[in-house]
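Before any comments, here is the structure.
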Amino acid sequence: MSGAVGLPCCLASSVQTVCQLWDAWRMFVINFGIPLYSSWVVEMQPVFTTLMASPIQAFLLLRCWHIVKSNYFIIFPLTAVLLASVALNIAMTVRVFTYHLTEGVWIPYLFSLILPACLDVSINAIRAPIVSIPSTGALHP
């Protein structure tokens, strides 16, 4: 299971790194440090972030599923938050490419930032009691 999560994240991270290096080369070497226009690399950042974070969050949700002993009332809202986060990031990227809007505050943009943060806090709150229990006596004599 960890390979199914790690491989897409590794690929997305590699593509993001290559794209960022290309964009930095374009801005600082080709255009002599003058940003003439917003490149597609900058506009694709929400998609790259979602591609890297969503599989890990889904894996951690699976771990929480085992911790809460298959409690649907806890896992289904968290899964809905994950899916809403992915959908909002895709919608935000489509809007940026369609209208090239980078000014102003768009309410779904705020939710695309708030929802993953709430999901991370919720997952960590569920996992905290399990993670904080020492599994071996290596730290304690």
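Each reported figure results from applying straightforward, stated rules to the coordinates on display, with no laboratory input. Owing to the predicted nature of the structure, the values given are computational and were not obtained by experimental measurement. In this analysis, Cβ positions are derived from the backbone assuming ideal geometry, glycine residues included, and neighbour counts consider all displayed protein chains.
Please work out the FRET efficiency for the pair N31 and A87, using the Cβ-Cβ distance as r and a Förster radius of 35 Å; give the result to the nearest 0.05. Numbers along the way, then the final one.
Values: r = 34 Å, r/R0 = 0.98.
My answer for the efficiency is 0.55.
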Query raised in the report: At what distance in nm do the modelled label points of L11 and V131 sit from each other, each positioned 7 Å from its Cα along Cα→Cβ?
Result: 2.7 nm
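With a ≥ b ≥ c the root eigenvalues of the C-alpha gyration tensor of the stretch 2-131, is it rounded (a/c under 1.5), prolate (a/b larger than b/c) or oblate?
Details: a/c = 3.12, a/b = 1.87, b/c = 1.67.
Prolate, because a/c is 1.5 or more and a/b exceeds b/c.
What percent does the relative contact order of the stretch 2-131 come to when contacts are Cα pairs within less than 8 Å and at least six residues apart?
Values: 85 pairs, mean separation 34.5, N = 130.
Taking the mean separation of contacting Cα pairs over the length of the stretch 2-131, I get 27 percent.
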